[in-house]
Amino acid sequence: MMQRVGSSAEVFRAFLRLGLTSFGGPIAHLGYFRSEFVERRRWLDDARFAQLLAVCQFLPGPASSQLGFALGLLRAGWGGALAAFVAFTLPSALLLFVLAAVSDQMDHGVGAAVTHGLKLVAVAVVAHGVTQMSRRMLSERPRILIAVLSCALLLLSGSAVAQLGVIVLGALLGDRFCTVQPAQREEPLPLNYGRRVATFAGVVFAVLLAVALVPLSAEPSLGGLAAHFYRAGALVFGGGHVVLPLLESSLVGPGWIDQSTFLAGYGAAQAVPGPMFSLAAFLGAEVGAGVPPVLSGSVALVAIFLPGFLLMIAILPVWSRLHANPDAQRSIAGVGAAVVGLLGAALYDPVWTSAIGGLGDVAIVVVAYAMLVSFERSALGVVVWCVGASLVT
């Protein structure tokens, strides 16, 4: 059970650490989150973690940031939710301005070696998270089969729609085949708000989306910038990489930003920790829209994250009531097994396929994994090992 006993300062410190060290993209972030909040800090257990992650996978927007927002909310209320977002996002948003200026240097030499080492970190962290979750959540044969089936389906398709599909499939199969003992049932989420606030958040989300869908002027403006980024955050499933085509068509298509600048920002986003949606800060600042770059970048950043957070606020009370229903427990167990399969598929593609180039890389990852399992080293220690090894090989 997760109790709301923390403070906003505690949440801020925890997520700032992750914002500075969570390399590897949104799937890797889930491994970092589990390591930090399930194992190290023990804010929640694997079952609750998987349930929150499943909610995030159902919704459009950045899943890792939505999960962080929910963790902060449950730990320390509204202040904790805001602290989690700011602390996890701010480092990458600031770094993008710096890295964009030197993005060409990240493609070769020391910069390329560092980037490669950070990708190897992601392999070890995600592998550790998958194995630990498998041991704790796949407690019976039907759950194992659901996880394996989910993993296979995702590897065959690889689309964001398939991610939603396997979660729905896990719920259906879980209801039919999984068993749950009364002792395994957890209490509802410790939310500090109810149906009225949830309904209000849902209405605000819908109204803002309707406004964002209104045809815009061809000339850059602050309102138009906010609309483009809100629409991107509200309509895209699958995280940072999936949102890029939508942003490109919205910004490059009408000439608000040129193709080379857009690609420079994308390249820089690959090299920084934290959420990839932080690319919005760079793109917003480059567009300018007749206002200071800091203002336009901040508006774009808030606009792309806001719809996902509004949806989380709207859906969590509904999820909490479902979770309290004994008849829903089997479906929730199936969803948890499907999430394990989802992370297992992601471990191979894109985490493994984008990082491993030979036996040397495999050896580095094996040592990093052993550091996490046998020596209980922190993710930061693993970062130092992988980057250092990448530099000398």
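What length, rounded to one decimal in nm, is gained on full extension from V148 through to F177, with 0.36 nm per residue of separation minus their alpha-carbon distance?
9.0 nm
On the accessible surface of the chain, probed at 1.4 Å, how many percent belong to carbon and sulfur atoms?
C and S atoms contribute 65 percent here.
Provide the gained length on full extension for the span L155 to R41, in nm with one decimal, where the gain is 0.36 nm per separating residue minus the Cα-Cα distance.
Computed gain between L155 and R41 is 37.8 nm.
So if R0 is 25 Å, what FRET efficiency would D258 and E219 give, r being the distance between their Cβ atoms, rounded to the nearest 0.05?
0.95
V384 to Y193: FRET efficiency via 1/(1 + (r/R0)^6), r the Cβ-Cβ distance, R0 35 Å, to the nearest 0.05?
According to the calculation, E is roughly 0.25.
For the stretch 273-393, rounded, prolate or oblate, judged on the Cα gyration tensor with a ≥ b ≥ c (square roots of eigenvalues), a/c < 1.5 rounded, else prolate if a/b > b/c?
oblate
For the chain, set up a Gaussian network in which alpha carbons nearer than 10 Å are linked by springs, and say which option among G117, G194, G274 fluctuates the most.
Per the Cα network of the chain with a 10 Å cutoff, G194 tops the list.
Taking a ≥ b ≥ c as the square roots of the Cα gyration tensor eigenvalues, with a/c under 1.5 meaning rounded and otherwise prolate when a/b beats b/c, else oblate, which class fits the stretch 319-366?
Cα axes put the stretch 319-366 in the prolate bin.
Suppose all protein chains stay in the model; what accessible area per residue would a 1.4 Å probe give for the chain, in Å²?
Numbers: 16440 Å² over 393 residues.
Per-residue value: 42 Å².
Report the extension gain between V5 and W78 in nm, rounded to one decimal, defined as 0.36 nm multiplied by the number of residues separating them, less their alpha carbon distance.
In short, 25.0 nm is gained.
The values are calculated or read from the model by the stated rules, or taken from the named source; none is laboratory data. Everything quoted here is computed from the prediction, not taken from an experiment. Heads up, the Cβs are rebuilt from the backbone with ideal geometry, glycines too, and the neighbour counts pull from every protein chain shown. Heavy atoms of the whole protein, side chains included, go into the accessibility calculation; ligands, DNA and RNA do not. Shrake-Rupley method; radii C 1.70, N 1.55, O 1.52, S 1.80 Å.
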